[in-house]
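> After the structure tokens below, expect a handful of questions from me.
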Amino acid sequence: MSVGRAATRVDTPAKATGRARFISDVVVPGMVHAKLWRSPVPHARILRVDPARAARAEGVLAVLTAADLPVKDLYYGPAFKDQPMLADGVIRYAGEPVVAVVAETAAQAEAALALVAVEWEELPTVATLDAALAPGAPVLHARLVPAAHFRDLTALRPIPSTNVCHHWSYARGDVDRGFAEADLVVEQTFTFPMVHHYSLEPHCAIARVDGHGITVWASTQHPFPVRKELAEIFGLPLARVQVIVPYLGGAYGNKSYTKIEPLTIALALRVKRPVRLALTVEEAFKTVRRAAVRYRLKTGVRRDGTLVARDCEIHYQLGAYADVGPRVVQKSAYTAAGPYRIPHLRINAYGVYTNTVVSVAFRGYGVPQLAWAYESQMDVIAERLGWDPLALRLLNVLKRGEPLMEGDLPIDCDFAEGLGKAAAQIGWNEPTAAPRRGKGIACTIKAPLAPSVSSAMVRMHADGSATLLTGTVECGQGARTALSQIVAEELALPLDRVRVARSEVGMSPYDQATSASRSTTLMGLAVLRAARDVRDQLLTIGARLLESERPALTLRDERIVSPRGERTYGEAVAAHFGTGGELIGRGTYRGERGHAPLGGEAPFWEVGMAAAEVEVDGDTGRVRILRYVSVADIGRAINPRECEAQEEGAAMMGIGHTLFEQMIYDGGQLLNPSLIDYRVPVMSDLPEEYRSILVENGDGPGPYGAKGIGESGLIPTAPAVANAIARAIGVRITDLPMTPERVWRASDRARRRAAPAEGPST
Amino acid sequence: MLRPFELCEPASVAEASELLLRHGEAARIYAGGTELILAMKEGLIHYDYLVNVKTVPGLAGVRLDADGSLRIGAATPHRVLERDPSVSERFPAIARMEADVANVRVREVGTLGGNLCFAEPHADPGALLQVFDATVRLERKGGARTIPLERLFVGPFETCLEGDELLTEIVVPPLAPRSAAVYLKFGFLERPSVGVGVAVTLADGHVADARIAVGSVGPVPRRMRDAEARLQDRPVADSEAALAEAGRIAARASDAITDLHGSAEYKEHLVGVLLRRAFQAALAAVAGSERR
Ligand SMILES: Cc1cc2nc3c(=O)[nH]c(=O)nc-3n(C[C@H](O)[C@H](O)[C@H](O)COP(=O)(O)OP(=O)(O)OC[C@H]3O[C@@H](n4cnc5c(N)ncnc54)[C@H](O)[C@@H]3O)c2cc1C
């Protein structure tokens, strides 16, 4: 048995010994290096670029602006073709690449950057939602060209002559009547700041152009969509674009879709040498972030606790370019009301351009920002009604089989079971052991990417070992291990007889994306089918060799076994082909188009539940997470240890945006693009006690009943902690992160309100 | 990206001083490099010559003087101070403070001298060592001077060191009997946001001596003598009100600024909180040591 076992990761030995190849280990003969001159100002018209001095510097091969790039189309993007490889006359955010310098060494390229002369004329900056939405605000993109790469992104609704690049709306029932019927209406506005992914490995690309076409080594989660975009930009058939993805040093969405690959290729075309462009951590901060969100949430509820109406108005602060922001907007807004039964619902979601770093996909895909609001408000409602927050959730949460959205997959899990486990583990009904402690709970849901496509191939070699060809990218999530386990399981092979070939679009069958918690489940189905294809072939051959009926045959310990004898796989393959040869199995997963409001039908819902117990230092505002419980409803754990690792990592990442992380802007200037000033969670921030609980009911669509995991763990973190803080000190915080100063200020205000006669306390 | 530089390895303080003199602005002392190399990598500064003091004999190490003073070589890494038995027995507050500087990688190579000479406002040792009335020895070729640590700090990233001068030794006198020192810090970024050091000496139920220093909040770590005066000669039993007053005075005197660590108002508030907690912990420490 391979599946269900906490198998050691197949990449552990290579990674532990430093032999694993990451993109920084790739050296292409003759390669030269690029560095980017980035704009110091957030919004400007470029008047003049003088490359002359830089071009004369030692080792410099080329100093290039947008006009110098040999491309059919300077613009790229998964939603709109709105982002130029280098600023094209207009600078739209501080940090935007304007000039590229290519030199023999990276040091020479960097030294020459100081010699690049750029003149510009500043334009008024819209760095905040308010500024971007104000009447008469400068409009960052006058004309939007849809990219038309993805079916769900063909119906985008920009609001003309504004900075809104996509407005998604949804309504059911009659919200106004619902509020009229409610006994209590609660309305609040929650904010979630800009956050950077911070993967250890920043973006990197190495491009080579030769008679065969384009080869690019890329740090990307989306090799196939990147290939498609590159083929369009450079006017080549798909077959002549090769994207090779070594191990990724973390991704979390920041390496989704096209990033620096087109520019790197354009530079390689110009200098006629392979070019490497490797960003620094600071540059990664200036390349990608998560969308900030302002969510005005109004809920009507009856005295008996039932929710009747919800009105959701959500503004996503996207950056200077849309990237995949419009999909983040609609996918997350789709579940903006949470996993609850709400007859009257209205959702209006707006993606707004601002003069800030581009917001891209980020683990959770917009849902953490919204769950922050709706799960905080559930507790506010409970408090106003005098209800227990857990009981209020249990009353309203959707049950298995109930619809979340008409036409989409009905709820496929038991929230009550998961919440019950979280509550039991945190000791929900037991009093806290000390003052200033409190417990909070949260319950969230996320829609997967739908519909999507994955294919896989399994090759069984002459000695019975197998190679898996899959486009899934290993970015530390353990995909290679889980997928290998599926092959090993189906073919009765030990795990070390299964190898995953490196991910190259020229060799691996098509895969849409390593994202949206889909690989083990949906690529997993393709792998399962490919392995079963091989299994089938083995059984057919075995039936002939062993003169048995197929139903009498089984695969066991690398052998085909029948009551009349057995053959090793190697023997079977040899007998079948005469000499060498191999069996090739194919498998494909193709999602249903469906009739849900967003199109596509969810193959599963990703649900995340959490409970936290905190202690608040009222004098300093410091929040300590004493205990944290994470519950994932995953159908079936292919590898339980890796599932727990996903949950732990996600919860830790969630603790980051809950308590510390935010990109701080002053006007259009990012003030903290480094780890000294941008605070990521560290080991000492670990909760004193951490538990992750996997609910396995075998009710998922994936192999052996698996559902997706990986994002759920960070979605409920912030509201669970905020709810715990509220119950500890009676203070409700509506803005993230809940820094000590914010908590102190909120509790100080509450103290003053409670005892107005008292002077300031120290 | 780090640009090339020449690494000089002098055999003595005099030779190091000579190198500094010879190369002027193009040279800089290099100890653990945890600050210097970082700043050079960021391209914020550049030196053509780095003068390594870690290889100068006698500049690293800790010893106790006959009079009980702790003598710390400028090139002593934080990690040594954290773990040296004479430090943790005689100066437990220093050992504890050192154990909480940065992270273990920085402590392993970063030196006390480098920390003080960099004069980054967000740092710990500069505040705590002042409540011990620590002094520093500054040497150059053909001369040396000893000054109170307090006077080393001129402003953010600025010390009174002359161009060819090195910090060679930090001398920490022992506290009087019936004394204890405590250092508390608060912060949530990589470096401390607020640090308060307190030393108290008790006599006949009175505070015979109170010393307070505040760091990280303002441009330089400073002794807070007006705040100390509020606590001086008070009966221990009724120090509570004086403590609040001392906190307010220290907060005002701390020159708090608003930055990424927080607002000036919040930092001033924290000075009061940490001062109260540190003072009470110091009282408890004296009481505790007397019970033993
Ligand atoms: C991630 C990180 C976190 C940190 N957190 C903290 C913290 O929590 N608390 C804290 O207090 N500090 C903190 N620090 C600072 C740390 O303590 C210092 O980096 C370290 O002590 C500096 O010592 P160094 O030997 O590496 O100095 P170097 O980098 O070698 O030198 C620093 C400066 O001092 C000069 N210099 C060094 N030695 C001498 C000398 N003997 N005479 C004259 N000039 C000299 C150098 O020329 C240079 O200008 C942190 C640093 C980092 C990188």
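The values are calculated or read from the model by the stated rules, or taken from the named source; none is laboratory data. None of these values were measured; they are calculated from a predicted model. Here the Cβ positions follow ideal geometry from the backbone for every residue, glycine too, while neighbour counts run over all protein chains shown. The protein model used for the area step is the full one, side chains on, heavy atoms only, and it has no ligands, DNA or RNA in it. Shrake-Rupley method; radii C 1.70, N 1.55, O 1.52, S 1.80 Å.
> Would you please name the residue that is nearest to the other protein chains (Cβ to nearest Cβ), looking only at residues in segment B:120-144 that are near the ligand (Cβ under 8 Å from one of its atoms) and small (G, A, S)?
Across segment B:120-144, the extreme among qualifying residues is B:A123.
> So which residues in segment B:1-12 are open to solvent by 40 Å² or more (accessible area, probe 1.4 Å) and more than 14 Å from chain A (Cβ to nearest Cβ)?
Across segment B:1-12, the qualifying residues are B:E6, B:L7, B:E9, B:A11, B:S12.
> From the list A:K255, A:K298, exactly one residue is open to solvent by 10 Å² or more (accessible area, probe 1.4 Å) and either part of a loop (DSSP other than H, G, I, E, B) or not aliphatic (A, V, I, L, M) (or both). Which is it? Reasoning before the result, please.
Details: A:K255 fails: open to solvent by 10 Å² or more (accessible area, probe 1.4 Å).
After ruling out the rest, the residue left standing is A:K298.
> Next question. Could you please find all residues in segment B:83-104 being open to solvent by 30 Å² or more (accessible area, probe 1.4 Å), on the phi < 0 side of the Ramachandran plot and within 8 Å of the ligand (Cβ to nearest atom)?
B:D100, B:N103
> Is there any pair linking a residue in segment A:103-123 that is away from chain B (no Cβ under 14 Å) to one that is modelled with pLDDT under 95 and open to solvent by less than 60 Å² (accessible area, probe 1.4 Å), with Cβ under 9 Å and at least six apart or on different chains, and which?
No pair meets every condition.
> Collect the residues in segment B:149-161 that are open to solvent by 50 Å² or more (accessible area, probe 1.4 Å) and in contact (Cβ under 8 Å) with a residue 24 or more places away in the chain, keeping them in residue-number order.
B:E150, B:V154, B:P156, B:F157, B:E158
> Could you tell me whether A:T521 is open to solvent by less than 10 Å² (accessible area, probe 1.4 Å) and among the polar types (S, T, N, Q)?
The answer is yes for A:T521.
> Does segment A:722-737 include one or more residues that are over 23 Å from A:W605 (Cα atoms), within 13 Å of chain B (Cβ to nearest Cβ) and modelled with pLDDT of 95 or more? It would help to see each step written out before you state the result.
Step one: of segment A:722-737, the residues over 23 Å from A:W605 (Cα atoms) are A:722-737.
After this cut, where a residue has to be within 13 Å of chain B (Cβ to nearest Cβ) as well, the list is A:737.
Keeping just the survivors that are modelled with pLDDT of 95 or more gives A:737.
Checking segment A:722-737: at least one residue is over 23 Å from A:W605 (Cα atoms), within 13 Å of chain B (Cβ to nearest Cβ) and modelled with pLDDT of 95 or more.
> For segment B:24-38, which positions are within 12 Å of the ligand (Cβ to nearest atom), away from chain A (no Cβ under 14 Å) and touching an Asp or Glu at 6+ places or on another chain (Cβ under 8 Å)?
B:A27
> Same structure again: Is it fair to say A:V10 is open to solvent by less than 60 Å² (accessible area, probe 1.4 Å), more than 30 Å from A:T154 (Cα to Cα) and either in a loop (DSSP other than H, G, I, E, B) or at pLDDT below 95 (or both)?
Yes.
> Which residue is least open to solvent (accessible area, probe 1.4 Å), if the candidates are limited to segment A:379-393 and must be among the charged types (D, E, K, R) and within 16 Å of A:I725 (Cα to Cα)?
As a first pass, look at segment A:379-393 and keep what is among the charged types (D, E, K, R): A:379, A:383-384, A:388, A:393.
Right, trim to within 16 Å of A:I725 (Cα to Cα) and you get A:379, A:383, A:388.
Numbers: A:D379: 8, A:E383: 141, A:D388: 60 Å².
Per the stated criteria, the residue is A:D379.
> Further question on the same structure: Could you look through segment B:13-23, keep only residues that are open to solvent by less than 30 Å² (accessible area, probe 1.4 Å) and among the hydrophobic types (A, V, I, L, M, F, W, C), and pick out the one that is farthest from the ligand (Cβ to nearest atom)?
Selected residue: B:L19.
> Also, I was wondering about something else. Out of (1) assigned to a helix (DSSP H, G or I); (2) closer than 29 Å to A:L736 by Cα; (3) away from chain B (no Cβ under 14 Å), what's the single condition that is false for A:M609?
Among (1) assigned to a helix (DSSP H, G or I); (2) closer than 29 Å to A:L736 by Cα; (3) away from chain B (no Cβ under 14 Å), the lone unmet condition for A:M609 is (1).
> Go through (1) more than 14 Å from chain B (Cβ to nearest Cβ); (2) among the aliphatic types (A, V, I, L, M); (3) more than 22 Å from A:L123 (Cβ to Cβ) for A:A66 and report which single condition fails.
The number of the failed condition is (3).
> Of everything in segment B:218-241 that's within 14 Å of chain A (Cβ to nearest Cβ) and modelled with pLDDT of 95 or more, which residue is surrounded by the most Cβ atoms within 10 Å (Cβ to Cβ)?
B:A227
> Residue under question is A:L469, and the condition is that it be in a loop (DSSP other than H, G, I, E, B), open to solvent by 10 Å² or more (accessible area, probe 1.4 Å) and not aromatic (F, W, Y); does it hold?
Details: in a loop (DSSP other than H, G, I, E, B): no; open to solvent by 10 Å² or more (accessible area, probe 1.4 Å): yes; not aromatic (F, W, Y): yes.
The answer is no for A:L469.
> Before we move on, is B:V80 part of a helix (DSSP H, G or I), more than 14 Å from every other protein chain (Cβ to nearest Cβ) and more than 14 Å from the ligand (Cβ to nearest atom)?
Values: part of a helix (DSSP H, G or I): yes; more than 14 Å from every other protein chain (Cβ to nearest Cβ): yes; more than 14 Å from the ligand (Cβ to nearest atom): no.
Criteria not met by B:V80.
> Does segment A:268-286 include one or more residues that are touching a Phe, Trp or Tyr at 6+ places or on another chain (Cβ under 9 Å), more than 30 Å from A:I381 (Cα to Cα) and assigned to a loop (DSSP other than H, G, I, E, B)?
Yes.
> Something else about it: Checking B:K41 against (1) under 14 Å from B:G113 (Cα atoms); (2) within 12 Å of the ligand (Cβ to nearest atom); (3) open to solvent by 30 Å² or more (accessible area, probe 1.4 Å), which test does it fail?
Just one mismatch for B:K41, condition (1).
> Another one. Is segment B:59-70 home to any residue that is surrounded by 17 or more Cβ atoms within 10 Å (Cβ to Cβ), under 22 Å from B:A27 (Cα atoms) and out of contact with any strand residue (DSSP E or B) (no Cβ under 6 Å at 6 or more places or on another chain)?
No, every residue in segment B:59-70 fails to be surrounded by 17 or more Cβ atoms within 10 Å (Cβ to Cβ), under 22 Å from B:A27 (Cα atoms) and out of contact with any strand residue (DSSP E or B) (no Cβ under 6 Å at 6 or more places or on another chain).
> Next up: Look through segment B:171-186, keep the residues that are over 15 Å from the mean Cα position of the chain (by Cα) and open to solvent by less than 20 Å² (accessible area, probe 1.4 Å), and return whichever of them is nearest to the ligand (Cβ to nearest atom).
This residue is B:F186.
> Are any residues in segment B:243-263 open to solvent by 10 Å² or more (accessible area, probe 1.4 Å), of a type outside the set (D, E, K, R) and more than 11 Å from chain A (Cβ to nearest Cβ), and if so, which ones?
B:I249, B:A253, B:A256, B:I257
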